[in-house]
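Working notes, beginning with the structure itself.
Only the coordinates and a few stated rules stand behind these numbers; no lab work does. Predicted, not measured: the structure shown is a model, and the values here were computed from it. Here the Cβ is made from the backbone with ideal geometry for all residues, glycine too, and neighbour counts use every protein chain on show.
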Amino acid sequence: MKRIDPHRLRSEFPMLFRKNSPTYLDSAASGQTPKAVLRAMDGYYRRYRANVHRGMYPASERATEEYEGARKKLAGFLNADPREVVFTRGTTESLNLLAYCLAPTLKPGDEVVMTVMEHHSTIVPWQQLAKRYGFEIKYIGIDGDGQLDMASAREILKSKKIRIVSLIHVSNALGTVVPIRELVGLAHGVGAQVIVDAAQSVGHRPVDVRDLDCDFLAFSGHKMFGPTGIGVLFGKAGRLEAMSPFLYGGDMISRVTFEESQWNELPWKFEAGTPNVAGAIGLGAAVDFIGELGLEAIHRHETEITARAIRRLSRIRDIVIYGPPDGTDRGNLVSFGLKGIHPHDLTDILGRKGLCLRGGHHCAMPLMLLLGLAGTTRASFSVFNAREDVDALARAVGSAVKIFGI
Amino acid sequence: MSRRSPVDPVFRENIIDHYRNPRRFGLLDSPDFVRRESNFSCGDDLEFSVRVRKGAIVDVGFAGQGCALSIAAASMLSERAIGMRTADLESMADGDIVAMLGVGQLTGSRLRCATLALKALKGGLADWNKSRK
Ligand SMILES: Cc1ncc(COP(=O)(O)O)c(C=O)c1O
């Protein structure tokens, strides 16, 4: 198998390769952009900048070809059909699209199930639409190790009233991996459709939508070496066909009169207006970049670095590491805290030492409330992170202990 | 990677001391007004109780939780506010808090932590003044 060489790869990421570059440990919030992705977007803007699906001149035809080519790359990457790949602004828009399109088909008494680890981009849309449509939301809890409580999942997923099950694949707050395939089986058993929030899994571990058998899957380009402002909604063709459009406008129609409109075919039915052409092309280049490194190799590297981080950090006195223990399948991040130090202070101290981490509730406030935490400090890892980064982190956390005299 | 002095001014000893042993901690029994302010992004959540006599602040007590900067600022400002004319408190600005803390420059989210106490006291005072009219 290919191996990742983080030192060699660093030169691919302009922001990391300057003198005095900070140590970037925040890829779960947003990744870094490799030169190949920048070049692809630059090529569009410099050489064939035009709208797609419209012009009858070479630049527009090239733009359409590259835009649709990016869709094909993403389809191949996910093991989906290109008709099932809708470009959106990102995970948040994909999840809102689904909530807005599916909620009107729900009645009072119907149930929507999700985990307590969901991101605000899942919880808030469904919670707000529940007020309008009167359905109920049920949450699957976690155990003391931060693993999904499967006994409770099996119990909850017996109800025939469930119409939608929305599951985070890898928790951005704890690193927990949710057993999607097993839950999809249970959900389909009661006739529910399953949405997967794959923001933290795509690009970090193999994600095959046919293997997961989920009905929908959402993710963001910017967390997988792509640009900001582009993401994907995968939906099984039959499911997308059954749905009404989300946004109306150009491109999403086939025929319009003053009285009536007919919708375009998949996937364009869900892509109203001029899309983010450069973003899609950049995301396609990100898929190529991942392909060259090898997804298995990326996963192995990130797993090794994360395991080292957990080992090094757990030697520090008064540290608390949240989420599943070392040795279990885990996302490429570690959330931690020091007793007696507010996560904001700890993250700030690390930032002052040139280490970029995220501190706070990680857009999972309900989970933090459940755990009784003001927040956590989170380090997350990518292919350019090496062991030295982890060692620097452990030293800096150790020095925070000294500053606070705990 | 940038090298900095081991003890950054933000986490100087007196900040840590006020954080560990906040002064005026605990709400007053019969305050003239109370005011709660939160910084949801980082979980700072403070409540102030204040007594006013003849246009001056005579007692302040606060409770809640937060990061070192928000607690240290609440502690120092509560001490300083006692004996102050209400008009003087109302004219305090964010820069005065940064100067009081002695932490050098503060940006964005850290400035919001440091000034949460002032926001609470000024907001509470403004509402109290209005309610008496
Ligand atoms: C698990 C998870 N879901 C959803 C999102 C939202 O992604 P975006 O902000 O790119 O729409 C994020 C990222 O913050 C995430 O980590």
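Semi-axes of the equivalent ellipsoid for the range A:1-60, computed as √(5λ) from the eigenvalues of its C-alpha gyration tensor and ordered from largest down, come to 33, 13, 12 Å. Among A:Cys214, A:Cys356, the order by Cβ neighbours within 10 angstrom, fewest to most, reads A:Cys356, A:Cys214.
Plainly put, chain A has a radius of gyration that is 0.98 times its Kirkwood radius, both from alpha-carbon atoms, as the Rg/Rh ratio. Pairs exceeding 30 Å between alpha-carbon atoms, taken from A:Lys72/A:Lys158; A:Lys35/A:Lys353; A:Lys339/B:Lys122; A:Lys73/A:Lys269; A:Lys138/A:Lys223: A:Lys72/A:Lys158; A:Lys339/B:Lys122.
Counts of other chain beta carbons within 10 angstrom of each beta carbon in peptide B:67-73 average 4. Looking at the protein assembly as shown alone, DSSP beta bridges between its own residues are antiparallel in about 65 percent of cases. Shielding by partners for peptide B:36-43, expressed as the average number of C-beta atoms from other protein chains within 10 Å of each residue's C-beta, is 4. Taking the Cα centre of the range B:23-70 as origin and assigning +1 to Lys and Arg Cβ atoms and -1 to Asp and Glu Cβ atoms, the resulting dipole is close to 260 debye.
Where does the charge balance sit around A:Gly249 when Lys and Arg score +1, Asp and Glu -1, over other residues with C-beta under 14 Å from its C-beta? Here the count lands on 0. This ranking places A:Trp268, A:Trp126 by how few other beta-carbon atoms lie within 10 Å of each, fewest first, which gives A:Trp268, A:Trp126. Taking the number of Cβ atoms within 10 Å of each Cβ as an exposure proxy, the fewest-first ranking of A:Val207, A:Val112 is A:Val207, A:Val112. GNM remark for chain A: springs join alpha carbons under 10 Å apart, and the peak mean-square fluctuation among A:Leu367, A:Leu283, A:Leu247 falls on A:Leu247.
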